[in-house]
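The values are calculated or read from the model by the stated rules, or taken from the named source; none is laboratory data. Since this is a predicted model, take the numbers as computed values, not measurements. All Cβ positions, glycine included, derive from the backbone under ideal geometry; neighbour counts span all protein chains shown. Side chains are part of the model used for accessible areas, which takes the heavy atoms of the whole protein and leaves out ligands, DNA and RNA. Shrake-Rupley method; radii C 1.70, N 1.55, O 1.52, S 1.80 Å.
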Amino acid sequence: MSKILVTGGCGYIGAHTVVELLQAGYEVISIDDNSRSNAWMMDRVAIITGKKVVNHAINLCDMEALGAFFEQEKNISGVIHFAAYKSVGESAKEPLLYFENNLLGQINLLKCVQKHEIAHFVFSSSCTVYGNPEQLPVTEETPLQEAESPYGRTKVVGEAFLRDFVKVASTKVIALRYFNPVGAHPSNEIGEYILGVPSYLLPYMTQTAIGKREKLTVFGQDYPTRDGTCIRDYIHVCDIAAAHVNAIQYLEGGKSKASFEVFNLGSGIGQSVLEMIESFERVNDLKLNWQFGDRRAGDVVAVYANNSKAIEALGWQLRFNLDDMMRTAWAWEQRVAQEGL
Ligand code: UD1
């Protein structure tokens, strides 16, 4: 089986993807500097899969260390690139930190990919590239919008880099545009590790339910939607992870229609914030302390995916529904509390 390098393998989507790759029979190595993740994620991946993946604590901005790694690691057939900062709020305060970490890191990685003629590359992109779309659901052809944040810009620019890169490199590239990944592995061994106060909805809900936060604030109640709150496309992290295996298999099978292709990874279903609360309370049989508050600056009104391209071309199958997302997210929060993670 071929060898896949995962950058950011100790992160949320990274670790879930490492599990899926191992279970599909791939050999996996990881690069993660653990600046915003935990090395113990790989121990837990080993509990799930019975296989211990070696993580190399390298920062992608350190070209010397990265270059030396690639000189040593032979026979990498594909790279899945997750390692990046992802906080929208932080990126607004420190844009250069985001440009350096996300874009310089990507450039350095692509230099190595080109030098070693690595055949396949999968990039973590985001539905943030669609901004406030005029038509729903969004397809891969929906026009991209001006980025709302420096974080968003690193995704728009990161995709643009790849479009140009494939013109000169032998590498075939796929960008996967994630909608809102939530939930945790059904084994409850791995999940999202939250640094500080969560900005994302479901982690804020679970932290409120466990008592870490006093109250959830619903940002805005007068949006032009069915109940006045924003609509998003929440998708289980294991479904997102599995799509990366499908993407690698698609590339390996020579099925690419072009050197650079993009795919939406969403459930295809839009949920409002109030529907999320209702679902969380019902599935986990508890009451959430919440109130309405002001709109959050930069929030889009509604976005959800047309996911048929990934389903048809990649053979992607969705295995988890909203109830599973709610159940696994809550189970993980309780585990985090029990173990003081
Ligand atoms: C966030 C990022 C976006 C990124 C996306 C996927 C922001 C402004 N946007 O978007 O750039 O691409 O994740 O990674 O951070 N909500 C509340 N109360 C809360 C938290 C959230 O009502 O305490 C609402 C939000 O207003 C939104 C929905 O819940 O309507 C989802 O919010 P969130 O989880 O932050 O994701 P996105 O807004 O989609």
Quiz item: Say each of residue 301 and residue 217 gets a label point 7 Å from the Cα, pointing the same way as Cα to Cβ; how far apart are those two points in nm?
Solution: 2.3 nm
Quiz item: To the nearest µm²/s, what D does Stokes-Einstein give for segment 134-187 at 4 °C and 1.567 mPa s, using the Kirkwood radius over alpha carbon pairs as Rh?
Solution: 94 µm²/s
Quiz prompt | With Cα atoms, 0 to 90° folded angle of helix 322-339 axis to the chain main axis | solution = 80 degrees
Quiz item: In degrees from 0 to 90, rounded to the nearest 10, what is the angle of the helix 12-23 Cα long axis to the longest principal axis of the chain?
Solution: 60 degrees
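Report relative contact order for the chain in percent, whole number only (criteria: Cα-Cα under 8 Å, sequence separation at least 6).
19 percent
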Quiz prompt | Percent RCO, i.e. relative contact order, over segment 1-60, from Cα pairs under 8 Å lying at least 6 residues apart | solution = 36 percent
Quiz item: In square angstrom, rounded to the nearest 10, how much accessible surface does residue 200 have for a 1.4 Å probe?
Solution: 90 Å²
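Between residue 104 and residue 71, what is the FRET efficiency for a Förster distance of 22 Å, r being their Cβ-Cβ separation, to the nearest 0.05?
About 0.65, to the nearest 0.05.
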Exercise. Tell me the GluC sites (Glu not before Pro) within segment 214-320 that lie in a loop according to DSSP and have at most 13 other beta-carbon atoms within 10 Å.
Key: 214
Practice problem: Rank-order 35-46, 73-84, 220-231 by packing density, defined as the average count of other C-beta atoms within 10 Å over each peptide's residues, highest first. | Solution: 73-84, 35-46, 220-231
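Give me the Å³ per residue figure for the convex hull around the C-alpha atoms of segment 213-298. Don't skip to the end; give the middle numbers.
Values: hull volume 13.4 nm³, N = 86.
Value for segment 213-298: 155 Å³ per residue.
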Self-check item: Long-range tail of P(r) for segment 84-144 (Cα pairs > 14 Å, %)
Solution: 68 percent
Exercise. May I ask for the angle, rounded to the nearest 10°, between helix 150-168 and the longest principal axis of the chain, with both axes built from Cα atoms and the value confined to 0 to 90°?
Key: 30 degrees
Quiz item: Ignoring ligands, DNA and RNA, how do 164, 323, 239 rank by accessible area with a 1.4 Å probe, largest first?
Solution: 164, 323, 239
Quiz item: Bin by bin, in steps of 10 Å, what percent of the Cα pairs in the chain do you find, going until the bin that has the longest distance?
Solution: 5, 26, 37, 24, 7, 1
Self-check item: Sulfur and carbon atoms: percent of accessible area, the chain [1.4 Å]
Solution: 49 percent
Quiz item: In the full protein assembly as shown, how much of residue 48 is accessible to a 1.4 Å probe, in Å² to the nearest 10?
Solution: 40 Å²
Quiz prompt | Over segment 228-341, relative contact order from alpha-carbon pairs under 8 Å, at least 6 apart, % | solution = 43 percent
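Can you sort 330, 290 by solvent-accessible area, 1.4 Å probe, largest first? Intermediate values should be presented prior to the final figure.
Working: 330 35, 290 85 Å².
The most accessible residue leads, giving 290, 330.
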Quiz item: Ordered by residue, what ³J(HN,Hα) values in Hz, to whole numbers, does segment 114-120 give under the Karplus form 6.51 cos²θ - 1.76 cosθ + 1.60, where θ = phi - 60° and Gly and Pro are x?
Solution: 5, 4, 9, 6, 6, 6, 9
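How much accessible area per residue does segment 89-132 have, counting only protein heavy atoms and a probe of 1.4 Å, in square angstrom?
Details: 1800 Å² over 44 residues.
Dividing the accessible area of segment 89-132 by its residue count gives 41 Å².
Let me check something: with ligands and nucleic acids excluded, how do 7, 328 order by accessible area (1.4 Å probe), largest to smallest? Mind showing how you got there, number by number?
Values: 7 0, 328 20 Å².
Reading off the accessible areas and sorting them downward yields 328, 7.
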Quiz item: Rolling a 1.4 angstrom probe over the protein heavy atoms, how many square angstrom per residue are accessible across segment 238-307?
Solution: 41 Å²
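How big is the antiparallel share of DSSP beta bridges in the chain, given as a percent to the nearest 5? Working shown, then result.
On the way: 2 of 40 bridges.
Here the antiparallel bridges make up roughly 5 percent for the chain.
Are any of the pairs 3/86; 3/74; 3/167; 155/257; 212/287; 74/115 more than 18 Å apart by Cα-Cα distance, and if so, which?
Details: 3/86 27 Å; 3/74 9 Å; 3/167 25 Å; 155/257 22 Å; 212/287 15 Å; 74/115 12 Å.
Distance filter (> 18 Å) returns 3/86; 3/167; 155/257.
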